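The values are calculated or read from the model by the stated rules, or taken from the named source; none is laboratory data. What you see is a predicted model; the values in this text were computed from it and never measured. Here Cβ is always computed from backbone atoms with ideal geometry, including for glycine, and neighbour counts include all displayed protein chains. Please note that ligands, DNA and RNA were not included when accessible areas were found on the heavy atoms of the full protein model with its side chains. Shrake-Rupley method; radii C 1.70, N 1.55, O 1.52, S 1.80 Å.
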Amino acid sequence: MRRPLIAGNWKLNLLRAGAVDLVAALRSGLAGEKRCEVLVCPPFTALGAVAEALKGSEIAVGGQDCYWAESGAFTGEVAPSMLADAGCRYVLVGHSERRQFFGETDESVGKKLRAAQKAGLEPVVCVGERLEERERGVTQETVGRQLDGALGGLSKEDVLKLTLAYEPVWAIGTGKVATPAQAQEVHAFIRARLAKLAGDAAAREVRILYGGSVNPENIRGLMDQADVNGALVGGASLKAESFVKIVRH
Ligand code: PGA
């Protein structure tokens, strides 16, 4: 198992100056951090400045989305190789806000993650059920369908290079974090599904992050779960103090 990953998803926040200030504070606050790998995902316009400010540090940079084509007449889109060129090692794919507001489907998530891997990026593939799906008791069915739809047909080698993020939609930005037991239950389900796709050994290697209202107070209980291998943090990643505390939990 690789090192746990703590990722900050900045969403639609921060101009370049604020972004550079934030990573400068993270750089000093996280100096010497060995236990967890750290990732920040700024908006596209700040990627270059953030990558420059993080040169020589171990904090990785990622995009929040990408397109699947490498070039062409696709106004407004950004190719995986452009993210790599801007200094990214990772890219988020299939975040629930992309699914909810921008028409992302399991099929487009699958195309994006493949294109990202082809360009040498490490995709962080996000899945998770809506409140209504949890209340109807179809959480596993929903997450299973998202996984099969996006990951079906990937080679074992490519599954091994993935990171997954379980983000229950009802926990994102709401302050309603999943309990550690709720998170563990779905993480274990995801790992079993990965084992079906790629075998037990590969499934054991894949990091599964939890996301949704993670903060310095609740991180430890989540990370204590056997199948929780890191966190995808939104709101609490915009302040150096809280993000550093989450990483150093
Ligand atoms: P949140 O967002 O931590 O603000 O709930 C998490 C995410 O959307 O990745």
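Data overview
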read-out	value
R35 paired with E132, simple spin-label distance in nm, labels 7 Å along Cα-to-beta-carbon	4.1 nm
Distance (nanometres) between label positions extended 7 Å along Cα→Cβ at R204 and K161	2.3 nm
Accessible-area value, W68, 1.4 Å probe, nucleic acids and ligands omitted, Å²	90 Å²
Ranked order, T179, T139, T45 - accessible area, probe 1.4 Å, largest first	T45, T179, T139
Magnitude of the charge dipole, the range 5-247, Cβ model with Lys/Arg +1 and Asp/Glu -1, debye to 20	240 debye
Whichever lysines have a C-alpha closer than 18 Å to that of K118, once near sequence neighbours (fewer than 8 apart) are set aside	K156, K161
Extension gain (nm, one decimal) between A69 and D85, 0.36 nm per residue minus Cα-Cα	4.2 nm
Carbon plus sulfur fraction of accessible area for the chain, probe 1.4 Å, in percent	53 percent
Segment M1-A192, extension gain: residue separation times 0.36 nm, minus the distance between their alpha carbons	67.2 nm
Label-point gap, in nm, between K55 and A181 - each point 7 angstrom along Cα→Cβ	5.2 nm
Heavy-atom surface of the range 5-247, accessible at 1.4 Å and reported per residue (Å²)	43 Å²
